[in-house]
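Student: Here's a structure for you.
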Amino acid sequence: MMQQRQTAFKVWLSSLLNGNFTRQEGEWEPNYVECNGLKVSRVNVIGTVVAKFISDDNSYASITVDDSSAAIRLKTFKEDNKLVESLKLGDLIMSIARVKEYNSEIYLSPEIVKVLDDPNWELLRKLELLKLHGKMQVVKDQPVAIYTESQPASQPQPEEKVNVEEMTLDDVTANSRQKLLSLIEKNQGDAGAEIQSLIGLSGISEEEVNATLSELLKEGEIYQSKPGFVKIV
């Protein structure tokens, strides 16, 4: 009997990390995390590489990916290290991966890893997830974040995982929209206004800037003039 390939769900990483990991008894039944009413054993995630480690003997590698709601590690071993060895800090990637758990840490075992050259993919994914799941939960002071591989594998994980703030499209205020539109118009030049600069100039959180830009793109108020830059229509 062949094992059926499971659906790769699109979920916030925070929902995944705050879900309950279940180990199945059957040989062909995949382990899964229950979140948003789904039994998630495979995921399709988009996020930014914020940490990278490769062991001296090249037997093990990991990257930490952040989707603005939380960060999670993607682990590879031996020949599979080629999936992540060329990645750089700051790369925006898409990965299809299996959900696994070891020593109380939920992590991902990647099947596909692809670098995305257009940052608009991140904005579109965030808007898609807001529509699919209705809210974004941001994990604060996340213990699963970046730690060195020299730390013992048995390092205890906190029992309480839920420490979140919720954000919906309704939380994006009219004031933020007008502020960003004014900043784009003032700083766009020939190439457009750089998204990272807008985050610094606006004084608005990165999550709210991304959500607001997603809405403005969808409404046709702005467009992506080139990767990482936007202009008013």
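Student: Are there any pairs, at least 6 apart or on different chains, whose C-beta atoms fall under 6 Å, with the first in region 212-228 and closer than 13 Å to residue 176 by Cα and the second in a strand (DSSP E or B), and if so, which?
Tutor: Listed pairs, sorted by first residue: 216/222.
Student: If a residue must be loosely packed, with under 15 Cβ neighbours inside 10 Å and either of a type in the set (A, V, I, L, M) or assigned to a helix (DSSP H, G or I) (or both), how many such residues does region 85-123 contain?
Tutor: 3
Student: Taking residue 103 as meeting all but one of (1) out of contact with any strand residue (DSSP E or B) (no Cβ under 9 Å at 6 or more places or on another chain); (2) within 15 Å of residue 51 (Cα to Cα), write down the number of the exception.
Tutor: Of the numbered conditions (1) out of contact with any strand residue (DSSP E or B) (no Cβ under 9 Å at 6 or more places or on another chain); (2) within 15 Å of residue 51 (Cα to Cα), the odd one out for residue 103 is (2).
Student: Quick check, is residue 82 over 16 Å from the mean Cα position of the chain (by Cα) and not in a strand (DSSP E or B)?
Tutor: For residue 82, the condition - over 16 Å from the mean Cα position of the chain (by Cα) and not in a strand (DSSP E or B) - is met.
Student: Taking the options 117, 91, 56, name whichever one is touching a residue at least 60 places away in the same chain (Cβ under 8 Å) and farther than 18 Å from residue 11 by Cβ.
Tutor: Working: 91 fails: touching a residue at least 60 places away in the same chain (Cβ under 8 Å); 56 fails: touching a residue at least 60 places away in the same chain (Cβ under 8 Å).
It is 117.
None of the figures in this text is laboratory data; all of them are computed from the coordinates on show. Please read all numbers here as calculations on a predicted model, not as lab measurements. Ideal geometry is used to build each Cβ from the backbone, glycine not excepted, and the neighbour counts take in all protein chains shown.
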